[in-house]
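Okay, structure first, notes after.
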There are 2 protein chains.
Amino acid sequence: MTEQIPDRPPEPDERATEARIAELEDKWLRAVADLDNARKRMDRDAERVRAEERARSVREWLPVLDNLDLALRHADADPKSVIEGVRAVRDQAVSLLERLGYARHDEAGVPFDPGLHEAVGTVPAQGAAPGTVAEVVRPGYGEGDRQLRPATVLVATAPE
Amino acid sequence: MTEQIPDRPPEPDERATEARIAELEDKWLRAVADLDNARKRMDRDAERVRAEERARSVREWLPVLDNLDLALRHADADPKSVIEGVRAVRDQAVSLLERLGYARHDEAGVPFDPGLHEAVGTVPAQGAAPGTVAEVVRPGYGEGDRQLRPATVLVATAPE
């Protein structure tokens, strides 16, 4: 910005106007700088929040892995009890998911629900009502906004 | 703000100054409003980022749980092969942790390192050099800033 040299000393009114302009310029530049800093902080914060959440989430799974390790440690002794132990670990993992807000859906016999189930086939089923879930191929977790995935199922049809 | 009625028509110079003041006021108010919006967005984003990261992280563990389910599905058939399957699931979980940046530390025989190990006891060890890890009681994951927990170990002492 080139400075203009006034050809006469400024009047009191002009001085007040100049002061007002300087004040507004200062306020504007400060607000722009604050905005810039806020945006940078926002980016840093998002990365930090993400990393913290990642670490917290991973830490939740360590007890599951620890118990899997413990179950395998006695694998040579008694295979049957190992399987019992592993079943308990699986239940622990399912409970963890439920606590995190992602309940397991693996029930057969319930009516097919497109919000919870994804049909990958049909199967003629004696006894089962047509349109119900005949078999859960892969369990689903969560529902609505908090659905990780629907359950993959076979749907019962009337027997031929 | 009360408007001042000029007692004479404004000169061209005055009109330019008034326009400059109006322009600066406008810029300032816009910057302040942007800053306010950015702060509100920041709060909303932090919650969204957290929820997204949580869901993403949980989703990573589903294949581990699926394979645990599959291993148990054949439990009645052959316990030995179940154990092989479960071992593979454990290795899959360890690989996942490593991929997320948390390498497993479960090696015996290495020198005790206070950054990686937490000693919970000592054991007189034939053959092992005093001050090395004689036994890993519970594996550790990650290191430095990205450590989830140190490995819990027994440290070798000279045999009595």
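What follows draws every value from the coordinates through simple rules; no lab data is involved. Fair warning: this is a prediction, and the values are worked out from it, not measured in the lab. Note that each Cβ is placed from the backbone with ideal geometry, even for glycine, and that neighbours are counted across all protein chains shown.
Details
- The charge dipole of the protein assembly as shown, taken about its Cα centre with unit charges on the Cβ of Lys, Arg, Asp and Glu (plus for the first two, minus for the last two), comes to roughly 1140 debye.
- Inter-copy label distances at A:Thr132, shortest first and taken from points set 7 Å along Cα to Cβ: 6.3 nm.
- Radius of gyration and Dmax over the Cα atoms of chain A, both given in Å: 32.9, 106
- Per-pair calculated FRET efficiency, R0 = 22 Å: B:Arg87 and B:Asp113 via Cβ, rounded to 0.05: 0.20
- In nanometers and ordered shortest first, the copy-to-copy spacing of the A:Asp43 label point, defined 7 Å from Cα toward Cβ, is 2.4.
- Test item: Cα-centred dipole of segment A:54-160, Lys/Arg +1 and Asp/Glu -1 on Cβ, debye: 420 debye
- Each Cα pair under 8 Å and six or more residues apart adds its separation to the average, and for chain A the resulting relative contact order is 16 percent.
- 0 to 90° range, to nearest 10: angle between helix B:79-99 axis and chain B longest Cα axis: 40 degrees
- Across the identical copies, how the A:Glu11 labels are spaced - nm, sorted shortest first, 7 Å along Cα→Cβ: 0.6
- Quarter of the Cα convex hull surface for segment A:102-160, i.e. its orientation-mean projected area (nm²): 3.4 nm²
- With all projection directions averaged, the alpha carbon convex hull of the protein assembly as shown covers 33.3 nm².
- A:Arg39-B:Arg56 FRET efficiency (beta carbon distance; Förster radius 22 Å; 0.05 resolution): 0.35
- Using only alpha-carbon positions in segment A:11-100, the gyration tensor eigenvalues give semi-axes of 67, 10, 5 Å once each is multiplied by 5 and square-rooted (largest first).
- Between helix A:12-73 and chain A: long-axis angle, C-alpha atoms, 0 to 90°, nearest 10: 20 degrees
- Simple spin-label estimate for B:Leu29 and A:Leu29 gives 2.3 nm between the two label positions (7 Å along the Cα-to-Cβ direction from each Cα).
- Set of aspartates and glutamates with alpha-carbon distance to B:Lys80 below 12 Å, sequence-local pairs under 8 removed: A:Asp76, A:Asp78
- Taking chain B as a Gaussian network of alpha-carbon nodes connected by springs under 10 Å, the highest mean-square fluctuation of the residues B:Glu107, B:Glu18, B:Glu98 belongs to B:Glu18.
- This model, with +1 at the C-beta of Lys and Arg and -1 at the C-beta of Asp and Glu, gives segment A:6-47 a dipole about its Cα centre of some 220 debye.
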